[in-house]
Structures are given as C-alpha cells and as structure tokens.
Amino acid sequence: MQLLSDRVLNMSTSATLAMAAKARELRGEGRDIIGLSLGEPDFNTPDFIKDAAIQAIHDNYNSYSPVDGYADLKQAIITKFKRDNNLDYTPSQIVVSTGAKQCLANIAGVMLNKEDEVILPCPYWVSYSDIVKLNEGVPVEVQTTIDTDFKMTPEQLENAITPKTKMIWYSSPCNPSGSVYSKEELRALADVLVKYPDIYVVSDEIYEHINYIGGHASMAGFEDMYDRTITVNGVSKAFAMTGWRIGFIGAPEKIARACNKLQGQITSGANCIAQRAVITALNEPPSRVQYMIDEFKERRDLVLELLNGIEGFKTNIPDGAFYVFPNVSYYFGKTLHGTPINNATDFSLYLLEEALVATVTGDAFGNPDCIRISYAASKAQIIEAIKRIKNAVS
Ligand code: PMP
Ligand code: GLU
C-alpha cells in the first residue's frame with residue numbers, strides 16, 4: 001500500500017520556506033548567501049511584548065486556553081478591529097489560531113467542498129493555492145500585470161465567476177506585489193460581488209500596517225459585504241512576531257464557530273504565552289511599531305532605486321508589505337555566464353548559485369515572469385545583494 005496520502009503527494013512544498021531552507025543549508029556549507037527569500041521582519045519583537053510574555057510565564061499561564069482564544073485576547077482583537085478598521089465584531093465572531101496561515105487552512109477546511117472554486121488574483125501568496133487544493137477546492141487564477149499594478153479589475157473578477165465559485169482570496173497590501181487596493185477599487189470589486197450573494201471573500205490584511213500610502217481599506221467595511229467577508233489578520237509582520245505564531249479572524253458567526261470546531265480537533269488552540277503577549281501588542285497603538293514601517297519604506301525606496309539600475313528588471317511601485325516583484329522575462333531565452341535561463345525558476349536558482357542571493361520564483365505566486373525579492377533585510381545586505389545580482393546578469 002502507498003505510504004503517503006495522495007493529498008500530500010499532490011501538494012507542493014512552500015516555495016518561500018523551501019528557498020529559506022536551501023539558503024540556510026548553503027550557509028551551513030560556508031557559502032556567503034544573502035537571504036532575500038523569506039518574508040520575515042529582521043527586527044526583534046519589541047521589548048514591551050516580550051515583557052508581557054515573560055510575565056505570563058511567571059503568572060503560570062500553562063494550561064490549555066479556550067480553543068478559539070482567551071476572552072481578553074478576543075476583546076483586544078475586537079477593540080483593534082474597531083480602532084484600526086472601524087469593523088464591529090462580537091466575541092463569537094473571533095477565532096485566534098496558530099498564525100494567519102492556520103486561519104486560512106481553517107477557512108478552507110470549513111468552507112470548501114470538492115470542486116468548489118476559489119478565485120485567486122495573481123500574484124497571490126504562495127500558500128493560498130495549496131491550502132485550497134488540500135481541501136479539494138479548485139484555485140482559479142486571474143492573471144494581472146504591472147500595467148494594473150498587479151490588481152484584479154472588476155471585469156476580470158466578473159469573467160472568472162462560475163456557478164461553482166465559492167470564494168475569492170486576496171491580500172492587501174499584497175504579498176508578493178506590494179499592491180494596496182484603495183477603498184474605491186475594493187468597492188468596484190464589491191459591486192460585482194453583490195450580484196452573486198453566495199460568494200464569500202477572504203480578505204487577508206496581515207500587512208495592514210506595512211502600508212506606505214495610508215488608507216488601508218477592509219472589504220468587511222462595506223455594509224453589503226460584511227456578512228460574507230472573513231477578515232484575516234495577525235501579528236507576524238507588523239510586530240515582528242513570526243515565530244510566536246498568532247493569527248486571527250473576524251468572520252460571520254457560523255464560519256467562526258466552524259473554525260473553532262475544526263481547530264478543537266487539530267490544535268486545541270494557539271500557544272497560551274504567545275496569546276497573552278499579543279493582548280499587550282494589540283492594546284498598544286500601532287504607532288508603537290511605526291519605526292519598523294519607516295525603516296521598511298526607506299528600504300523599499302533603496303531597492304527600487306538600485307533595481308532601476310539593472311537592465312531587464314521591470315517593477316511596479318509597491319505601496320505596502322516588504323517585497324518587490326520584478327518582471328525578469330527579459331532574460332528568458334538568454335544564457336548568463338553559461339547558464340541557460342528559460343523561466344523565473346531558472347533565474348532565481350541562477351541568482352542563488354551565481355550571486356549567492358536567495359529570492360523566490362514568481363511561479364510559486366502564480367506569475368511565471370517575475371521573481372520575489374524580500375527587503376526585510378538590512379540596508380547593507382540589500383546594497384550588497386543587488387550589487388551581486390547586477391554583476392551576475394551583466
Ligand atoms: N498571509 C500572507 C499574505 C502572508 O504573507 C503570510 C506570511 N507569513 C501569512 C498570511 C501567514 O502569516 P502567519 O502564519 O505567520 O501569521
Ligand atoms: N509569509 C512569509 C513569506 O511569504 C513567510 C513564509 C511562509 O510562511 O511561507 O515569505
């Protein structure tokens with residue numbers, strides 16, 4: 001009998017995590033790799049949050065929490081949703097999970113039936129399509145280009161809808177393009193969706209605070225979309241807490257209760273110390289972490305300026321998150337220092353081998369013409385990495 005399930009055999013490895021592992025392995029062999037593959041802030045978690053975790057340990061938080069999160073954490077999330085997004089949720093609409101990634105897995109697990117379609121505007125975050133497929137759904141990719149700042153137009157959305165469409169999943173600010181949908185742009189998409197009352201929206205807002213133009217908009221903020229939007233958020237990015245693994249949703253009650261049920265059979269709930277620390281993180285105003293956002297913005301400007309000086313890198317101006325997503329198709333069909341480049345995967349691997357810089361192929365995000373460069377790295381590393389890339393392609 002086959003050892004592993006078809007389910008896992010048919011699943012791709014997370015390309016972001018795989019590239020980070022590869023970079024780590026090469027570093028272990030003594031190679032001087034600069035890692036621009038992982039979307040992980042290089043800052044430390046702020047001290048005021050660490051102190052809250054230490055206090056929670058001393059206060060003997062060591063038992064299972066309620067499956068969907070401590071009541072006072074849910075209250076802090078409700079306050080955060082109201083303060084930052086003007087969204088009203090009640091405790092039974094909130095579920096705290098082991099990272100926003102588990103929130104997404106829960107949503108897919110409780111909402112998808114075999115062959116239900118999920119519209120994914122491309123480029124999308126790497127794990128969306130595999131989470132959908134793992135749950136027997138069918139990802140429906142909608143290609144966007146630099147010309148529309150990698151945003152899906154209402155016409156494209158309308159054309160992608162079929163009787164099997166169950167949901168649409170997007171992130172804004174977007175990983176990997178950095179695009180930020182304005183309120184008007186979301187409203188235009190909502191105007192299409194109001195004609196199809198059975199379609200739900202997963203609005204992944206984990207980069208909410210990493211926004212260089214301001215004006216973060218939530219799909220659930222529209223009265224006619226509130227009842228069919230699941231807002232996903234978390235602390236990994238803005239609070240530099242990737243390893244603490246806390247994410248959360250605000251959702252229609254039926255969906256939240258189903259996520260609670262699923263999670264109760266799978267993890268029993270998120271880590272109790274991390275949950276206590278997140279109460280402190282969310283109760284503080286976002287201005288406490290503005291220094292990180294300011295630094296990311298300077299790095300974005302630096303990356304764009306440096307990439308501008310390299311032939312064949314075409315980028316949009318990312319308004320948020322900490323990635324640039326250059327189109328590098330100019331190099332396809334060429335041979336660089338003896339290596340034939342036929343696609344973005346070849347190009348990204350070439351940069352790893354030749355420039356010792358880790359990036360991620362755009363294929364993993366549903367766009368085969370681009371690569372993703374994370375600028376969650378120091379300015380010195382960014383400058384050195386782009387110098388190496390320039391040398392490798394010239
Ligand atoms: N959504 C997006 C768009 C992401 O980039 C990430 C990456 N961490 C996640 C969700 C998952 O975040 P986490 O599980 O660390 O909360
Ligand atoms: N979200 C990050 C990224 O896109 C972290 C890696 C992951 O969870 O896949 O790089």
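All of the numbers you see were taken from the coordinates with simple rules; none came from a lab. None of these values were measured; they are calculated from a predicted model. Positions of Cβ are generated from backbone atoms using ideal geometry, with glycine treated the same way; all protein chains shown enter the neighbour counts.
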Only counting other Cβ atoms within 10 Å, I'd like 65, 374, 182, 5 sorted with the fewest neighbours first.
5, 182, 65, 374
In the stretch 154-200, what is the volume of the convex hull around the alpha carbon atoms, normalised per residue and reported in Å³?
81 Å³
Could you tell me which of 65, 36, 52 has its Cα farthest along the dipole of the stretch 16-108 towards the positive end, charges placed at Cβ (Lys, Arg +1; Asp, Glu -1), taken about the Cα centre?
36
Please report the antiparallel percentage of DSSP beta bridges with both residues in the chain, rounded to the nearest 5.
50 percent
Take every Cα pair under 8 Å in the stretch 139-257 that's 6+ residues apart, average their separations, divide by the length, and report that relative contact order as a whole percent.
20 percent
Computed over the Cα atoms of the stretch 218-328, the Rg and Dmax in Å are 18.6, 53
Integer Hz, Karplus 6.51/-1.76/1.60 couplings in order for the stretch 176-184, x for Gly and Pro:
x, 8, x, 5, 10, 6, 6, 4, 5
At a 10 angstrom cut-off on C-beta neighbours, averaged per residue, how do the peptides 120-131, 256-267 rank from highest to lowest?
120-131, 256-267
Under the Karplus relation with 6.51, -1.76 and 1.60 and θ = phi - 60°, whole-Hz ³J(HN,Hα) for the stretch 194-208, x at Gly and Pro, equal 4, 6, 10, x, 8, 8, 9, 10, 9, 9, 8, 10, 5, 9, 2
So the compactness index of the chain, its C-alpha Rg divided by 2.2 N^0.38 Å, takes the value 0.97
Interchain or sequence-distant (5+) residues whose placed amide H lies within less than 5 Å of the amide H of residue 140 are 118, 119, 120
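Do you know the relative contact order of the stretch 182-311, to the nearest whole percent, from alpha carbon pairs under 8 angstrom that are 6+ apart?
Normalised by residue count, the contact order of the stretch 182-311 is 20 percent.
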How large is the charge dipole for the stretch 68-226, taken about the Cα centre, if only the Cβ atoms of Lys, Arg (+1) and Asp, Glu (-1) carry charge, to the nearest 20 debye?
360 debye
With contacts defined as alpha carbon pairs under 8 Å and 6 or more residues apart, what's the relative contact order of the stretch 45-150 in percent?
18 percent
Label-point separation in nm, residue 58 to residue 83, each point 7 Å along Cα→Cβ
2.4 nm
Given H placed 1.01 Å from N in the peptide plane, which residues other than close sequence neighbours of residue 61 have an amide H under 5 Å from its amide H?
none
For residue 301, placing the label point 7 angstrom along Cα-to-beta-carbon and taking the stretch 208-239, residues whose amide nitrogen sits under 19 Å are 210-215
Can you give the FRET efficiency for residue 114 and residue 346, using 1/(1 + (r/R0)^6), R0 = 45 Å, r = Cβ-Cβ distance, to the nearest 0.05?
0.80
Taking the Cα atoms only, what angle lies between the long axis of helix 99-111 and the longest principal axis of the chain, rounded to 10 degrees?
70 degrees
When the Cα atoms of the stretch 138-221 are enclosed in a convex hull and the volume is divided per residue, what value in Å³ results?
99 Å³
Pair residue 283, residue 311: separation of 7 Å Cα→Cβ label points (nm)
5.9 nm
Cβ-placed point charges (K, R +1; D, E -1), dipole of the chain about Cα centre in debye, nearest 20
660 debye
May I ask you to list the residues of the stretch 145-159 whose amide nitrogen lies under 16 Å from a point 7 Å from Cα along the Cα→beta-carbon direction of residue 182?
148-154
Mind checking the full-extension length gain between residue 254 and residue 72? Use 0.36 nm per residue of separation minus the Cα-Cα distance, one decimal, nm.
63.4 nm
Placed amide H near residue 208: partners under 5 Å, 5+ positions off or other chain:
none
